[in-house]
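See below for the structure under consideration.
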Amino acid sequence: MALTLPAHADPLTDRIQATGLLPELAHGLGGPFHYLLPERFDANLAAFHAALAEAGVEGRVHYAKKANKASVFMDRCAAAGAGVDVASPGELRDALGHGVRGEDLVVTGPAKTGHLLGVAARQGALIAVDALDELDRVLALGGARPARILLRCHPPAQPRSRFGLDGAQLDEALRRCAAAAGTVRMEGFSFHLSGYEVRPRTDLAGELVELCGKARVLGLPADRISIGGGFAVDYVAADAWQTFLAEQGPGHYHAGKAFAREDFYPYHSPVAGADALRAILAASPGGTGPSLAERLRQAGVRLLVEPGRALLDRAGSSVFQVQGVKDRAGYGIVTVDGTSLSLSEQWFNSEYLPDPVLLGDRAGDGPAEPFAACVGGASCLDSDLLTWRKIAFPARPRVGDLLVYPNTAGYQMDSNESPFHELPLPPKVVIDHPEGGGRPRWRLDR
Ligand SMILES: Cc1ncc(COP(=O)(O)O)c(C=O)c1O
């Protein structure tokens, strides 16, 4: 009756759970918390670098910081010499403060304030210009050195996007850049597409390579393109996902709530993370001719990518303690010590679907009866559910048990958190594994 959707097996997470560290942290911190696994971030970053190297493409990875507020990922970018995509003064400050060099930043986002543009230009960051009036503000900065810019393209295949310059605006922008040589350094073009498909990214990247040629004719450097983020994360197995999509309906949720299938994140993706970048580079723009990798090489154009979610794959989880369990006809309602603001899919009228894992000491108990229950937050709002779905728990949860939501570092854990009801924000705990094994060490993210 309850549909299961377990996250992919993760030996590192299992090891952490086996040490008993999570109940200790729940006790010590006295509330919900998130834990982060920076070694996973390092491995994901290395996989993106490897994909570029294997394709023989010169490029750079800029971690899209909006996907998680933790500082530890800035530290890791700085240590690995990776770039960061920032979209606000706060994100820019945090990246610089954790040692990422200004020239390794890409500043994205719409209608950036004069302050953000000024700081970005002075730091030598690459500014993705989103509109003609923004370009004019950059041209008016008058700093000691030319501001480095990309021109962000409005994606023709996503005509409803509010971002970027259309064809005529790009022509005008190029004209203004050429006329203002010495004030700006026009280094190329960018886009960010909604969705996770490979083909539209290859196609539009091919067009941007052509645009670089056009810009060079005007005397502009135009030697790089950014294809943004949108590299999928594969959370669950294909068969479980297909079964879920085919069978899910209002009866599977508390209060008969209905979710539109297309509003769910695609929790299974056969091509994900760095493999998606490999696929984008191996495909031919427009479906014929040389691959994108080949075209980049031939044109001497560097490739920038801005993955957020994909660099955080399996790099963190969210832990809540059970505060109460009550019964409804045919299922239960588990209430935990946090709120749905720590699982941001609810923001999109959607739901974070990988099953939470129940942790509790049941040594000495008899065989457990499975128990279906949704998961509510510790607030007075009827709509505050972390999970509307009736989860198939292996046993009836008890007060004090932990619920671990797996793989939440990418956008889930902190995009929307607020201290509603004066509940403190869940702290983030960084878990490191000493080289050569041994017990995991933990510290608070600062
Ligand atoms: C300009 C830009 N770059 C990169 C990203 C990161 O996307 P993702 O986390 O899906 O890789 C976003 C997300 O909104 C974005 O707007």
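The values are calculated or read from the model by the stated rules, or taken from the named source; none is laboratory data. The structure displayed is predicted, hence computed values, not measured ones. Cβ atoms come from the backbone with ideal geometry, glycine included; neighbour counts cover every protein chain shown. To get the accessible areas, we keep the full protein, side chains included, count just its heavy atoms, and leave off ligands, DNA and RNA. Shrake-Rupley method; radii C 1.70, N 1.55, O 1.52, S 1.80 Å.
Taking region 151-192, which residues are of a type in the set (Gly, Ala, Ser), part of a helix (DSSP H, G or I) and surrounded by 16 or more Cβ atoms within 10 Å (Cβ to Cβ)?
173
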Legend entry - Filter result for residue 384 (surrounded by 18 or more Cβ atoms within 10 Å (Cβ to Cβ) and touching a residue at least 60 places away in the same chain (Cβ under 8 Å)): no
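Any residue at all in region 33-47 that's among the polar types (S, T, N, Q) and crowded, with 18+ Cβ neighbours inside 10 Å?
To start, the set of residues in region 33-47 that are among the polar types (S, T, N, Q) comprises 44.
The next check asks that each one be crowded, with 18+ Cβ neighbours inside 10 Å; those that pass are 44.
Yes, because at least one residue in region 33-47 is among the polar types (S, T, N, Q) and crowded, with 18+ Cβ neighbours inside 10 Å.
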Legend entry - Top-ranked residue in region 415-446 [being within 20 Å of residue 75 (Cβ to Cβ) and free of Cβ contacts under 8 Å to residues at least 12 places away in the same chain; ranked as most open to solvent (accessible area, probe 1.4 Å)]: 435
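Rundown of residues vs (1) more than 30 Å from residue 221 (Cβ to Cβ); (2) open to solvent by less than 60 Å² (accessible area, probe 1.4 Å); (3) at pLDDT 95 or above, yes/no style:
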| residue | (1), (2), (3) |
| --- | --- |
| 300 | no, yes, yes |
| 311 | no, yes, yes |
| 314 | yes, no, yes |
| 356 | yes, yes, yes |
| 396 | yes, no, yes |
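Quick check: anything in region 344-361 assigned to a loop (DSSP other than H, G, I, E, B), without any contact (Cβ under 8 Å) to a residue 40 or more places away in the chain and over 28 Å from the mean Cα position of the chain (by Cα)? Lay out the reasoning, then the answer.
Keep residues of region 344-361 that are assigned to a loop (DSSP other than H, G, I, E, B), which gives 349-356, 360-361.
Next, only the ones that are without any contact (Cβ under 8 Å) to a residue 40 or more places away in the chain stay: 361.
Within this subset, residues satisfying the condition of being over 28 Å from the mean Cα position of the chain (by Cα) are 361.
Yes: region 344-361 contains one or more residues that are assigned to a loop (DSSP other than H, G, I, E, B), without any contact (Cβ under 8 Å) to a residue 40 or more places away in the chain and over 28 Å from the mean Cα position of the chain (by Cα).
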Inset, instruction - Report, by residue number, each residue of region 26-44 that is charged (D, E, K, R) and either more than 16 Å from the ligand (Cβ to nearest atom) or without any contact (Cβ under 8 Å) to a residue 24 or more places away in the chain (or both). - result: 39, 42
Inset, instruction - Output the strands (runs of 3 or more DSSP E) that fall wholly within region 45-145 and possess 2 or more residues being away from the ligand (no atom under 14 Å from the Cβ), or say none. - result: none
Legend entry - Subset of region 87-105 (residues that are under 20 Å from residue 412 (Cβ atoms), in contact (Cβ under 8 Å) with a residue 24 or more places away in the chain and in contact with a Gly (Cβ under 8 Å, 6 or more places away or on another chain)): 88
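Is it true that residue 148 is within 16 Å of the ligand (Cβ to nearest atom), open to solvent by 10 Å² or more (accessible area, probe 1.4 Å) and among the basic types (Lys, Arg)?
Values: within 16 Å of the ligand (Cβ to nearest atom): no; open to solvent by 10 Å² or more (accessible area, probe 1.4 Å): yes; among the basic types (Lys, Arg): yes.
No.
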Legend entry - Of the criteria (1) closer than 24 Å to residue 164 by Cα; (2) open to solvent by less than 20 Å² (accessible area, probe 1.4 Å), which one residue 5 fails: (1)
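Answer yes or no as to whether residue 409 is within 16 Å of the ligand (Cβ to nearest atom) and modelled with pLDDT of 95 or more. I'd like the intermediate steps shown before the answer.
Values: within 16 Å of the ligand (Cβ to nearest atom): yes; modelled with pLDDT of 95 or more: yes.
Yes: the conditions hold for residue 409.
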